[in-house]
1. Can you give me the number of residues within region A:64-101 that are acidic (Asp, Glu) and more than 7 Å from every other protein chain (Cβ to nearest Cβ)?
2. I'm trying to understand the selection: among the residues of region A:182-209, which are more than 21 Å from the chain's Cα centre (by Cα) and hydroxyl-bearing (Ser, Thr, Tyr)?
3. I'm trying to understand the selection: among the residues of region A:2-11, which are open to solvent by 90 Å² or more (accessible area, probe 1.4 Å) and either within 14 Å of chain B (Cβ to nearest Cβ) or within 8 Å of DNA strand D (Cβ to nearest atom) (or both)?
4. Does at least one position in region B:45-58 carry a residue that is of a type outside the set (A, V, I, L, M, F, W, C), open to solvent by less than 10 Å² (accessible area, probe 1.4 Å), within 16 Å of DNA strand C (Cβ to nearest atom) and over 30 Å from A:Met73 (Cα atoms)?
5. For region B:132-143, does any single residue satisfy the condition of being in contact (Cβ under 8 Å) with a residue 24 or more places away in the chain and within 23 Å of B:Arg198 (Cα to Cα)?
6. Looking at this structure, is B:Val273 β-branched (Val, Ile, Thr) and either over 20 Å from B:Gly148 (Cβ atoms) or more than 22 Å from the chain's Cα centre (by Cα) (or both)?
7. From the list B:Leu246, B:Leu217, B:Leu236, which one is on the phi < 0 side of the Ramachandran plot and either in contact (Cβ under 8 Å) with a residue 60 or more places away in the chain or within 14 Å of another protein chain (Cβ to nearest Cβ) (or both)?
8. From the list B:Glu222, B:Glu212, which residue is within 29 Å of the chain's Cα centre (by Cα), surrounded by fewer than 23 Cβ atoms within 10 Å (Cβ to Cβ) and outside any helix (DSSP H, G or I)?
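The values are calculated or read from the model by the stated rules, or taken from the named source; none is laboratory data. Predicted model, so just to flag it, every value in this text is computed and none were measured. All Cβ positions, even for glycine, are placed from backbone atoms using ideal geometry, and neighbour counts span all protein chains on display. Just the protein is used for accessible areas: all its heavy atoms, side chains included, with ligands, DNA and RNA removed. Shrake-Rupley method; radii C 1.70, N 1.55, O 1.52, S 1.80 Å.
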Number of protein chains: 2
Amino acid sequence: MNLKELSQHLGLSPTTVSRALNGYPEVNERTRQRVLEAAERHNYSPNSGAKRLAEGRVMTIGHVLPVSNEHEMVNPVFADFIAGAGKRYAEEGYDLLLTVVRDEDEVATYRDLAKRRAVDGVLLHGPKVNDRRIELMKELNLPFVVHGRSSVVGEDYNWVDVNNRRAFERAAGLLLDLGHTRIAFINGLADMDFASRRLAGMRDALASRGIEVCDDLVRHAEMSENYGYSSMREFLEMPEPPTAVLVSSIIPAIGARRALSDAGLSMADDVSVLIHDDDLSYFRNEGDIPTYTAVRSSVRDAGHMSAEMLLQTIANPDKEPQHVLLEAELTIGQSTGPAPAMRRFLKQG
Amino acid sequence: MNLKELSQHLGLSPTTVSRALNGYPEVNERTRQRVLEAAERHNYSPNSGAKRLAEGRVMTIGHVLPVSNEHEMVNPVFADFIAGAGKRYAEEGYDLLLTVVRDEDEVATYRDLAKRRAVDGVLLHGPKVNDRRIELMKELNLPFVVHGRSSVVGEDYNWVDVNNRRAFERAAGLLLDLGHTRIAFINGLADMDFASRRLAGMRDALASRGIEVCDDLVRHAEMSENYGYSSMREFLEMPEPPTAVLVSSIIPAIGARRALSDAGLSMADDVSVLIHDDDLSYFRNEGDIPTYTAVRSSVRDAGHMSAEMLLQTIANPDKEPQHVLLEAELTIGQSTGPAPAMRRFLKQG
DNA sequence: TGGCGCATCCAAAGCGCTTTGGCAGGACAC
DNA sequence: GTGTCCTGCCAAAGCGCTTTGGATGCGCCA
């Protein structure tokens, strides 16, 4: 069933039927009802291809999911972000186009999406410290929102980000308050913007107490469970292991926990662990007292807000770039406790 | 730059340019080269909307991601499956359309995709024991592949599935061989087809030794970390706790492990844990000796194969329904050991 | 009564591509 | 020299929608 057939059924012109369906005023209200009802009855929806062609916009948002070739990993954080964003798209009648590509093809993919007119805008994930994609989007004249920021990029652009620096400054501050001075950090890939901000936050906190970050205690990699495990293991094998560890995601934290338990140690008592918690739906850090002490910020909410911002940008392209800076909340869980020295001090006091 | 402009640049008709670009034979090879080069130089790609309209197919595959309203969860397993499938789509020039919807809107979404002609085919995730979507797809005349199967559905259809029954029969068999008789099962949602098959497999194994599955020891829910935690906790609080536990995913297994360590117990020594391992990229169960004893089958590979099957079905709609039944491999890790009775027996022997 | 304005509808063009159905011209056979 | 076939190109229709630019007819006012 297409427009033409439907309009013939109704004894109306395609023009009128189209206007009736799209809510234009120049059609009698009774006719509109008839049309609406007939469309419903005949199960009619406008053909997507024809609509895109005629309207010149495609009602589609692009997300590109780069899959690194060697390890072929796709971050579960992504799933929650997509869920948050995708729900918003659906509400507004937008489709979500997901392109899975090898790392090195990512730029070509954005170019392709733009020139094929396959999307009205894109959402950029996981920006690097210096991310060329931002410049690329401007060149391609594609509306976009970045989830995160890119420190080095000069121009202004839309973004939604967590205040990573502040969050990790506070996180490290708490550990310092507990008497920890030898603090490790299991962080994300070094060229990721969030990772560099978090490290800066930690550095700030330590610096304010006159402590320098020890390079041996800072790890950078894709944040898998195994990465958390092996990092913690290596820490424990050091002559002078850290007494506290920051972890950039709950997933490596699970691995870190495994390493501790393999070594017969436990969180809080032996080593304090403080994580960034994206509030992943399958890994809720909750309960009377949450398992992990954490700086938390829901990645699903971030997805939702990013989507909202993008849709607004598309609707109103001349709008000034928007920014949302989310503050993470620091909640105390079961994974942190006083440093050994502090513990002795408390006892004797 | 569109076809018309490009053809004017070249002093050719749009027809010839189109044919040259699409590899039709009735164009001189030298002309084709000229066209190809000009297209490249002017950065031309056919407009997606126009192409869909003219061709009558949209080069797009649909995936629907239902998000249950109450708990808003999206399974990380999904991310890996998508990665496997999406890569295959991209290779064949297909786009992936992802729709995030509330559970109750799922059927309406498929209908909508079909009547808008937004997709050439769909991939169905997480089939229930009796899944109405299969009938729906036939009604809508949409090519489809099911990742998993639906036991009750009579008609034939395309599917890619793991031999869940066999896998869990073997898994339970191993535990029995180790002397366990009181075996629990932390399974997926009861109405999921995979969950019912796995339970059946376990039941078969126990039955062959004259043991009946104890209902109190079987849990069904969405497979989050917390679910694994609380289930294991409840098991441990029983007057007669199980000595071994099957877990349908590595994620609840992580929770189960946490419950054990909270109780000062450990896997293998105190309670044997045997999981189904989807080989998630962020949760690789590997190492010299893997952490978990597991029946393993890569969900990413399943995604890849499902995509392949769907593309073939679209290319050749009259083909007989295809089936792929994957066998999981059973690998021994650190999480299983002999039952207490067996342990005593071994000692005294 | 004539004219104006408004409400309601429609014909046709246009979006950018593919595809059908030629058409010219050269090669070749007879 | 005529007819046939093949190569290489093109004009035009058509995909299903939106949108421009009228048309028609009616009520209403002067």
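1. If we filter region A:64-101 for residues that are acidic (Asp, Glu), which is where we start, we get A:70, A:72, A:80, A:91-92, A:95.
Restricting the remaining residues to those that are more than 7 Å from every other protein chain (Cβ to nearest Cβ) gives A:70, A:91-92.
So the answer is 3.
2. A:Ser208
3. Of the residues in region A:2-11, the ones open to solvent by 90 Å² or more (accessible area, probe 1.4 Å) are A:4, A:8-9.
Within region A:2-11, just A:Lys4 meets the criteria.
4. From region B:45-58, those of a type outside the set (A, V, I, L, M, F, W, C) are B:45-49, B:51-52, B:55-57; that's our starting set.
Now drop any that are not open to solvent by less than 10 Å² (accessible area, probe 1.4 Å), which leaves B:49.
Right, trim to within 16 Å of DNA strand C (Cβ to nearest atom) and you get B:49.
Keeping just the survivors that are over 30 Å from A:Met73 (Cα atoms) gives B:49.
Yes.
5. Step one: of region B:132-143, the residues in contact (Cβ under 8 Å) with a residue 24 or more places away in the chain are B:132-133, B:136-137, B:140-143.
Retained after the next criterion (residues that are within 23 Å of B:Arg198 (Cα to Cα)): B:132-133.
Looking through region B:132-143, at least one residue is in contact (Cβ under 8 Å) with a residue 24 or more places away in the chain and within 23 Å of B:Arg198 (Cα to Cα).
6. On the way: β-branched (Val, Ile, Thr): yes; either over 20 Å from B:Gly148 (Cβ atoms) or more than 22 Å from the chain's Cα centre (by Cα) (or both): yes.
Yes; evaluated as a whole, the condition is true for this residue.
7. On the way: B:Leu217 fails: either in contact (Cβ under 8 Å) with a residue 60 or more places away in the chain or within 14 Å of another protein chain (Cβ to nearest Cβ) (or both); B:Leu236 fails: either in contact (Cβ under 8 Å) with a residue 60 or more places away in the chain or within 14 Å of another protein chain (Cβ to nearest Cβ) (or both).
That would be B:Leu246, the only listed residue that is on the phi < 0 side of the Ramachandran plot and either in contact (Cβ under 8 Å) with a residue 60 or more places away in the chain or within 14 Å of another protein chain (Cβ to nearest Cβ) (or both).
8. Numbers: B:Glu212 fails: within 29 Å of the chain's Cα centre (by Cα).
Within the list B:Glu222, B:Glu212, the selection yields B:Glu222.
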